[in-house]
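Working notes, beginning with the structure itself.
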Amino acid sequence: MIVVTGATGNIGRPLTEALVAAGEQVTTVSRHAAVAPEGGRHAVADLADPAGLEPTLAGAKALFLLLSGELHATGADPADIIGRAAASGVRRVVLLSTLGVATRPFGATRIAMRALEDVVRESGSDWTILRPGGFASNALWWAESVRSRQVVAAPFGDTGVPIIDPADIGEVAAACLLDDRHLGEVYELTGPAVITPREQAAALAGVLGSPVGFRELTRAEAKAGMVRSMPAELADDTLDILSSPTLAEVRVSPDVERVLGRAPRSFAEWAARNVAAFR
């Protein structure tokens, strides 16, 4: 049995689907009740209380660990989850980390995530670490403004990074949970090309078949919106990358293709699958 945390999100859903399609028994975990996938079951647990996860971990062979913003906050102890998983007999852990661990290692959130990576490495379980860059699904922040005003509002309109489709992350995670060839690997996950916010707006216009304008936000305006769904420090880290990406942050990684045997999906492909959110 494989335990998948963050199972109701943009990564957890395609990951769970891939595991079930491969014939695996899956237990999905989230803070709130949700419909279990066909062939699997769902458990309600708060990762901020690792002890409450123990009944779900009992008998599991593998764990996919995705941390919500709350678990990056001061006082949270995600390392305890790793310890309890190992004590429960979980033999494989796939951790969703972040590319910033390598590209900006001295930010507070990056230091904390690198420390968690080290806990995974030293846990005694087999492990794989995934370090994605920016997510295509962050474009959903623009859904309301596109629906109501046909405009994308974002900072740094002409500065881009190779954002990744979360479905690709989910499929890579599934491969790492199922295939021993990925043990001990650290994969950097990006999309197929650098794309700017202005170019994302144009891609949305293409799939909608109607014009979508672009309005450039100041950094302060962008942060005010971001802190509604993430810690302020994480928002600042993200904005630092979006405003002045390093050479490492604009590099297109070959790792998705190494794992899946195909190129990563483009932003336009992500937009086409999710066009209903923008109509």
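Going 7 Å from the Cα of residue 227 toward and past its Cβ, which residues in segment 103-121 have a backbone nitrogen under 17 Å from where you end up?
108-109
So how much slack lies between residue 32 and residue 143, counting 0.36 nm per residue of separation and subtracting their Cα-Cα distance, in nm?
This chain segment gains 37.6 nm when fully extended.
Would you order 273, 265 from fewest to most other beta-carbon atoms within 10 Å of each residue's own beta-carbon?
Result, fewest neighbours first: 273, 265.
Helix 12-21: angle to the longest alpha-carbon principal axis of the chain, degrees 0 to 90, nearest 10?
Approximately 50 degrees, to the nearest 10.
Where does each of 214, 106, 64, 278 land when they are ranked from fewest to most other beta-carbon atoms within 10 angstrom?
By the 10 Å Cβ count, ascending: 106, 214, 278, 64.
For residue 273 and residue 118, what is the calculated FRET efficiency with R₀ set at 45 Å and r taken between the beta-carbons, to the nearest 0.05? If you can, show how the numbers build up before the last one.
On the way: r = 36 Å, r/R0 = 0.80.
E between residue 273 and residue 118, to the nearest 0.05, is 0.80.
What is the helix-to-structure angle for 108-121, meaning the angle in degrees between its Cα long axis and the longest Cα principal axis of the chain, kept from 0 to 90 and rounded to the nearest 10?
Between helix and principal axis, roughly 30 degrees.
Could you work out how far the C-alpha centroid of segment 1-51 sits from that of segment 145-167, in angstrom?
Their Cα centres are 29 Å away from one another.
Say a site is exposed when it is one of the GluC sites (Glu not before Pro), sits in a DSSP loop, and has at most 12 other Cβ atoms within 10 Å; what is then the longest site-free stretch of the chain?
123-279
Where does the charge balance sit around residue 208 when Lys and Arg score +1, Asp and Glu -1, over other residues with C-beta under 12 Å from its C-beta?
+2
In segment 17-57, which residues have a backbone nitrogen under 17 Å from the label point lying 7 Å from residue 185's Cα in the Cα-to-Cβ direction?
Residues 19 qualify, since their backbone N sits under 17 Å from the label point.
Would you mind classifying the chain by shape? Square roots of the alpha carbon gyration tensor eigenvalues, ordered a ≥ b ≥ c; an a/c under 1.5 is rounded, otherwise it is prolate if a/b is larger than b/c and oblate if not.
Judged from the Cα gyration tensor, the chain comes out prolate (a/c at least 1.5, a/b above b/c).
Can you give the relative contact order of the chain as a percent, counting alpha carbon pairs under 8 Å and 6+ residues apart?
Worked out over the chain, it gives 18 percent.
Antiparallel as a % of all DSSP beta bridges within the chain, to the nearest 5?
So the antiparallel bridges in the chain amount to around 5 percent.
Give me the percent of Cα-Cα pairs in segment 65-164 that sit more than 23 Å apart, rounded to a whole number.
41 percent
Tilt of helix 232-243 relative to the longest C-alpha principal axis of the chain, in degrees (0 to 90, nearest 10)?
Taking Cα atoms only, the helix is inclined about 50 degrees.
For residue 220 and residue 240 in the same chain, what is the full-extension length gain: residue separation times 0.36 nm, less their Cα-Cα distance, in nm?
Gain on extension, residue 220 to residue 240, equals 6.0 nm.
With a sphere of radius 15 Å drawn around the Cβ of residue 44, what net charge do the other residues whose Cβ falls strictly inside it have (Lys, Arg +1; Asp, Glu -1)?
Net local charge, residue 44 excluded: -1.
Coordinate-derived values only; no laboratory data. Being a predicted model, the structure only gives us computed values, none of them experimental. Here the Cβ is made from the backbone with ideal geometry for all residues, glycine too, and neighbour counts use every protein chain on show.
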